[in-house]
Amino acid sequence: MATAIDQEGVRIWSLRGDDPDKTVAGRIWSTEISLGYQGRQDGIRLGVRSIVNSSEAVLTITPSVPGLVYQIAQKIGLSDGIIKAHGKCWWARTLDDVDKVIRWIFEDARRLPLIVVTEDDRRQVQGQHLQLLNRLAKSLCGLAHVVFIPASLNYRLSAAVGEKFKVFHGGLRVYQPGFNIRSDERDHRMFFGDDIVAAPRQILSSLAVSTARESLSRTRLGNDVLSFAKVRDLASRTAQETDAASSAGEGEKLRLAQSRIETMEELVSSLQEQCDQAFELSAEEEARAFNAERQLASANARLEQLEYALQAAGSEPPAAAPTPEIWDDVTGWVDAAFPSKLVLSSAARRSLRKPEFRDVAMAVRCLQWLAGVARDRFIDGGGALANIAIENGITNAPCGSDEYLFDYQSNRYLANWHVKNGGNTRQPDRCLRIYYAFDPVTRQIIIADMPAHRRTGAS
């Protein structure tokens, strides 16, 4: 089935094809393809959606991009910003090639993960290993880029990305879009070469599954990728409006109305499929987050016990990470320095990305005070917390009428305390505010927002 829209500078062509599985009875694969542009200067965009329908109780598959995408990449060409989608493992054979890979890694316009595999200088490269990489690149054509760097050239990549993000000894790292040297290394997963050699098919299958899941979570269906039902509905609506304004007979209008009803039913069914898929993904992520939160709570409790034991033995805990000097380093420093004492909410992390407040050192000192003096007083008493001076010009005080509710790890808290600097200025570059709550269950200070003054009804 195919449909098209051509009006007001917008051209969209969409097709849906169903194909029964060659080996599993009752399993049907559906491929939806949308191709179009809105003004030729923006280029032509391709969107592909692969759907599997099956009556199987448990569906175990390794995601793979439809072969059509690979054929288009080979015969016509696909691009992800400045990166061409080859559908093959791209070899860096010279230092200029490695420099090109480095540009790809740091490219802001890149939308797809970049999988970088290195040669193992401890053993001879196995031909089978490289065949698997080509197979991986083909199966993820349009979902990720795969690059191979020889051991003799890998030093250039290591120097560019730093010790934290280098790839070595036949290892593999996935550089996600938006990478920079201040990123968290856990966001850019590393697979070790020994593990790949021991179980290459399992590793690459796991990589394909995780890449496909990330594509689902990153791509907005209906916006980044148009469904066939949506395009068909728009085309049907346009045709009906055009014929309604013309001299079409009643029979023709009735036929168009019936066609529109059928199209809308398909659209509702398609939207229901999207909702079901989103619900399943959400449920899986919720279960994963719940398990991670329980493990984190146990780890924090154990960490606190160990710190008390060290203090009782007259020893000092290991030194925390160096205090940050720029905003980009603050969130990572908090996670490393105060894992069981002070945490940042999602809103606080967003606000710390590019804040206007200038004095990073002041904010860092206030966070240290909250994780130390304030937390100890919440737990053990030992002094009032209302309207006390942290240092000259900085005060800890109740929020008063500015207190508000916020969510953190599926729980709701009241941000009823804040750290503020003196004066009545509300200029974001000079006005410091750190809104927080204390959780007596986890015994943690939870930062709700910082470092700017929140906008309220009063402000």
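The values are calculated or read from the model by the stated rules, or taken from the named source; none is laboratory data. Note that this is a predicted model, so its numbers are computed, not measured. So basically every Cβ, Gly included, is an ideal-geometry build from the backbone, and we count neighbours across all protein chains shown. What goes into the accessible areas is simple: the full protein's heavy atoms, side chains included, and nothing from ligands, DNA or RNA. Shrake-Rupley method; radii C 1.70, N 1.55, O 1.52, S 1.80 Å.
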Residue count, region 146-162, condition open to solvent by 10 Å² or more (accessible area, probe 1.4 Å), of a type outside the set (Ser, Thr, Tyr) and within 15 Å of THR118 (Cβ to Cβ), comes to 7
Kindly check whether there is at least one residue in region 373-390 that is closer than 18 Å to SER340 by Cα, open to solvent by less than 20 Å² (accessible area, probe 1.4 Å), of a type in the set (D, E, K, R) and at pLDDT 90 or above.
yes
Within region 110-124, the residues that are in contact with a strand residue (DSSP E or B) (Cβ under 8 Å, 6 or more places away or on another chain) and either surrounded by fewer than 20 Cβ atoms within 10 Å (Cβ to Cβ) or part of a loop (DSSP other than H, G, I, E, B) (or both) are ARG110, ARG111, LEU112, PRO113, GLU119
Residue hits (region 87-101; open to solvent by 80 Å² or more (accessible area, probe 1.4 Å) and either on the phi > 0 side of the Ramachandran plot or not in a strand (DSSP E or B) (or both)) are LYS88, ARG93, ASP96
Within region 204-228, the count of residues that are outside any helix (DSSP H, G or I) and exposed (fewer than 14 other Cβ atoms within 10 Å of the Cβ) comes to 4
Per the filter on region 163-190, residues crowded, with 20+ Cβ neighbours inside 10 Å, under 22 Å from PRO200 (Cα atoms) and of a type in the set (Phe, Trp, Tyr) are PHE165, TYR175
If we keep only residues of region 356-372 that are of a type in the set (Gly, Ala, Ser) and open to solvent by less than 20 Å² (accessible area, probe 1.4 Å), then the residue farthest from VAL334 (Cα to Cα) is ALA363
Residues of region 399-438 being open to solvent by 60 Å² or more (accessible area, probe 1.4 Å), over 18 Å from LEU352 (Cα atoms) and not small (Gly, Ala, Ser), in sequence order, are GLU403, LEU405, GLN409, ASN411, ARG412, LEU414, ASN424
Check: If you check ALA57 against the conditions, is it outside any helix (DSSP H, G or I) and out of contact with any helix residue (DSSP H, G or I) (no Cβ under 7 Å at 6 or more places or on another chain)?
Finding: yes
Of the listed residues (ARG232, ARG201, ARG135, ARG237), the one being open to solvent by 20 Å² or more (accessible area, probe 1.4 Å), more than 30 Å from ALA336 (Cα to Cα) and either in contact with a Lys or Arg (Cβ under 8 Å, 6 or more places away or on another chain) or in a strand (DSSP E or B) (or both) is ARG237
Sole miss for TRP104 among (1) surrounded by 18 or more Cβ atoms within 10 Å (Cβ to Cβ); (2) in contact (Cβ under 8 Å) with a residue 60 or more places away in the chain is condition (2)
If we keep only residues of region 180-192 that are out of contact with any Lys or Arg (no Cβ under 8 Å at 6 or more places or on another chain) and in a loop (DSSP other than H, G, I, E, B), then the residue nearest to LEU114 (Cα to Cα) is ASN180
The number of residues in region 52-78 that are open to solvent by 80 Å² or more (accessible area, probe 1.4 Å), more than 25 Å from the chain's Cα centre (by Cα) and not small (Gly, Ala, Ser) is 5
ALA4 meets each of (1) over 25 Å from LEU216 (Cβ atoms); (2) touching an Asp or Glu at 6+ places or on another chain (Cβ under 9 Å); (3) aliphatic (A, V, I, L, M) with one exception, condition (2)
Checklist entry - Is region 338-348 home to any residue that is part of a loop (DSSP other than H, G, I, E, B) and farther than 23 Å from ASP407 by Cβ? => result no
*part of a strand (DSSP E or B) and at pLDDT below 90: does that describe ASP407?*
yes
Among strands (runs of 3 or more DSSP E) entirely within region 1-45, at least 3 residues that are open to solvent by less than 40 Å² (accessible area, probe 1.4 Å), within 15 Å of SER227 (Cα to Cα) and not aliphatic (A, V, I, L, M) occur in 28-38
